[in-house]
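Note sheet for the following structure.
The values are calculated or read from the model by the stated rules, or taken from the named source; none is laboratory data. Since this is a predicted model, take the numbers as computed values, not measurements. When we count neighbours, we look across all protein chains shown, and the Cβ atoms used for this are built from the backbone with ideal geometry, even at glycine.
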Amino acid sequence: MTVLQETADKIKNMEIRGAGRIARAAALALKEEAKTIETDSLDEFNARMKAAYNTLYATRPTAVSLPNALRIVMRYKAASVSEARGQIVANADTFIVSSENSVKKIGEIGARRLRSGDTIMTHCNSSAAASIIQTAFSHGKKISVIATETRPRMQGYVTVDIMQKAGIPTTLILDSAVRYFMKKVDAVVVGADAITVNGNLINKVGTSQLSLAAQEARVPFIVAAETYKFSPRTLLGEMVEIEERDPAEVLSLDMQKKWPNLKVANPAFDITPHRYIDMICTELGAIPPEMAYWIITEKLGWEIEDSAENGFGK
Ligand code: RUB
């Protein structure tokens, strides 16, 4: 199996998950594909790269980091196959390194907002959110964590594992216990799958409940998001698609058979309105959600959209 197909399958079945990891894996897959295509015809090369782009694009619909990463890597203009290949490889390498650096930078910036003694609630598993917590802890701040299980896929276990390995005191709670524990929390820190032009956050389903409980308890709600999580297409009026996953993740097939008329809904993400967000921690700095427009237009730029619209490699 090619790296491309293997990566696409792993993103689909969530062996590779989390918006940042998905983006880096997709960039790497495009790079490997570019390296393995054997042809002297630039048209054929472009067509096969476009097919690779489409395969990866179709894996999961919500994390905007995926199309953003794909477009960044596919931003090439070449007169020959070797030139095109070289540009794609360089683009992918640059993206992967800058993505990893962004996660570290977010950790440094976000950690300044946490004080020694703080209890941080987080949801699901986000590398960027974990980076903030781990950095604060490694700077000697006495941080403890409350992590939700995150039904149905239990990504909370990944978070708990990271925190346990780092020696950070952690409590695992039921998703439904978020409001119960919020009064003990000093800040909520979560990741992002997408941020819209008006500063709304799309993240793991349940995130918006954390935001409501945080608002009620006057607890700061902090989002950790690299700039490639911001959605240029929302500037064009499009909505971010919320992935609907297999009902079997929620209810076993046996139980589904028992209640044949029962509907099971399993949206993987939800939307947190910008007014519940105190700060978005990006690699460029800590910004209010209202600055999403600036990130999209000034930092991501229209050229990301242009390359998709005009055809790749031209
Ligand atoms: C993961 C999730 C994470 C974001 C950000 O959902 O909602 O909070 O993707 O993660 P899933 P990161 O498990 O369905 O992919 O900061 O690692 O990019």
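Within region 195-229, which residues are within 13 Å of the ligand (Cβ to nearest atom) and out of contact with any helix residue (DSSP H, G or I) (no Cβ under 6 Å at 6 or more places or on another chain)? Within region 195-229, Leu201, Ile202, Asn203, Lys204, Val205, Thr207, Ser208, Ile222, Val223, Ala225 meet the criteria.
Run down Ala194, Ala187, Ala248 and say which single residue is under 16 Å from Ile132 (Cα atoms), in the same structural domain as Thr119 (by TED's automatic domain parsing) and among the small types (Gly, Ala, Ser).
Values: Ala194 fails: under 16 Å from Ile132 (Cα atoms); Ala248 fails: under 16 Å from Ile132 (Cα atoms).
Exactly one of Ala194, Ala187, Ala248 is under 16 Å from Ile132 (Cα atoms), in the same structural domain as Thr119 (by TED's automatic domain parsing) and among the small types (Gly, Ala, Ser), namely Ala187.
The residues listed here are Ser211, Ser231; of these, the one that is of a type in the set (Ser, Thr, Tyr), crowded, with 16+ Cβ neighbours inside 10 Å and farther than 24 Å from Lys12 by Cα is Ser211.
Yes or no, residue by residue, for (1) within 20 Å of the chain's Cα centre (by Cα); (2) assigned by TED's automatic domain parsing to the domain that holds Val188; (3) within 12 Å of the ligand (Cβ to nearest atom):
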site	(1), (2), (3)
Tyr76	no, no, no
Ile88	no, no, no
Ser99	yes, no, yes
Thr119	no, yes, no
Ser131	yes, yes, yes
Phe137	no, yes, no
Ile143	no, yes, no
Thr148	yes, yes, yes
Thr171	no, yes, no
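Going by what's in this entry, would Ile16 be described as part of a helix (DSSP H, G or I), within 12 Å of the ligand (Cβ to nearest atom) and buried (at least 16 other Cβ atoms within 10 Å of the Cβ)? For Ile16, the condition - part of a helix (DSSP H, G or I), within 12 Å of the ligand (Cβ to nearest atom) and buried (at least 16 other Cβ atoms within 10 Å of the Cβ) - is not met.
Determine which member of the set Glu238, Glu216 is out of contact with any Pro (no Cβ under 7 Å at 6 or more places or on another chain) and under 25 Å from Leu114 (Cα atoms).
Values: Glu238 fails: under 25 Å from Leu114 (Cα atoms).
Just a single option satisfies the conditions, and that option is Glu216.
Can you tell which of Ile287, Ile296 is closer than 24 Å to Lys104 by Cα and touching a Pro at 6+ places or on another chain (Cβ under 8 Å)?
Working: Ile287 fails: touching a Pro at 6+ places or on another chain (Cβ under 8 Å).
When all the criteria are applied, what remains is Ile296.
Residues checked against (1) closer than 22 Å to Arg153 by Cβ; (2) of a type outside the set (Ser, Thr, Tyr); (3) surrounded by fewer than 16 Cβ atoms within 10 Å (Cβ to Cβ):
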{"residue": "Val3", "(1), (2), (3)": "no, yes, no"}
{"residue": "Gly20", "(1), (2), (3)": "yes, yes, no"}
{"residue": "Ser82", "(1), (2), (3)": "no, no, yes"}
{"residue": "Phe95", "(1), (2), (3)": "no, yes, no"}
{"residue": "Glu100", "(1), (2), (3)": "no, yes, yes"}
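Of all residue pairs spaced 6 or more apart or on separate chains, none has beta-carbon atoms under 8 Å together with a first member in region 9-29 that is farther than 19 Å from Ala92 by Cα and in the same structural domain as Asn125 (by TED's automatic domain parsing) and a second member that is among the acidic types (Asp, Glu) and surrounded by 19 or more Cβ atoms within 10 Å (Cβ to Cβ).
Could you tell me whether any residue of region 227-240 is in a helix (DSSP H, G or I) and either assigned by TED's automatic domain parsing to the domain that holds Ile72 or aromatic (Phe, Trp, Tyr) (or both)? Scanning region 227-240 turns up at least one residue that is in a helix (DSSP H, G or I) and either assigned by TED's automatic domain parsing to the domain that holds Ile72 or aromatic (Phe, Trp, Tyr) (or both). Only one of the numbered conditions (1) within 22 Å of Ser126 (Cα to Cα); (2) modelled with pLDDT of 95 or more is not met by Val264, and that is (1).
Residues are listed down the side, and each one gets a yes or a no for (1) touching a strand residue (DSSP E or B) at 6+ places or on another chain (Cβ under 8 Å); (2) of a type outside the set (S, T, N, Q); (3) touching a residue at least 24 places away in the same chain (Cβ under 8 Å):
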residue: Arg85; (1), (2), (3): no, yes, yes
residue: Val103; (1), (2), (3): no, yes, yes
residue: His123; (1), (2), (3): yes, yes, yes
residue: Ala129; (1), (2), (3): yes, yes, yes
residue: His139; (1), (2), (3): no, yes, yes
residue: Lys142; (1), (2), (3): no, yes, yes
residue: Ile146; (1), (2), (3): yes, yes, yes
residue: Thr170; (1), (2), (3): yes, no, yes
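With (1) surrounded by 20 or more Cβ atoms within 10 Å (Cβ to Cβ); (2) at positive phi; (3) within 15 Å of the ligand (Cβ to nearest atom) as the list, and Met154 as the residue in question, which single condition is left unmet? That leaves (1) as the condition not met.
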